[in-house]
1. Here are some conditions: (1) modelled with pLDDT of 85 or more; (2) assigned to a loop (DSSP other than H, G, I, E, B). S39 meets all but one. Which one does it not meet?
2. Under 8 Å between Cβ atoms, which residue pairs at least 6 apart in sequence (or on different chains) link something in the range 37-65 that is over 30 Å from R79 (Cα atoms) with a partner that is in a loop (DSSP other than H, G, I, E, B)?
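The values are calculated or read from the model by the stated rules, or taken from the named source; none is laboratory data. Small disclaimer: the values here were computed from a predicted structure and weren't measured. Reconstructed Cβ throughout: ideal geometry from the backbone, glycine too, with neighbour counts over all protein chains shown.
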Amino acid sequence: MSVNKISHLINHSNHAIMKKTVKIIIIILLLLPIVFLASGYYLGIFFTPEVKEQSMGPYIYLYEEYTGDYKNTGLVFERVNRY
């Protein structure tokens, strides 16, 4: 195989890789706004929040005071969760 043929194959291969890379970049750039808009819609950023005042409850707070390392709070959680 001559040097010209090898050079032509390399250039053709690089050109094909470059075209594929450009296509992938264009697809990503087109999909990014769609993904952001869909995420925003899902998260509710395009909706006006509704503010209302209502009565709720009654609530019961259950707690136990604890002082010490957090790693030792397992027993406290178990006692509180029994109720």
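1. (2)
2. G40/F46
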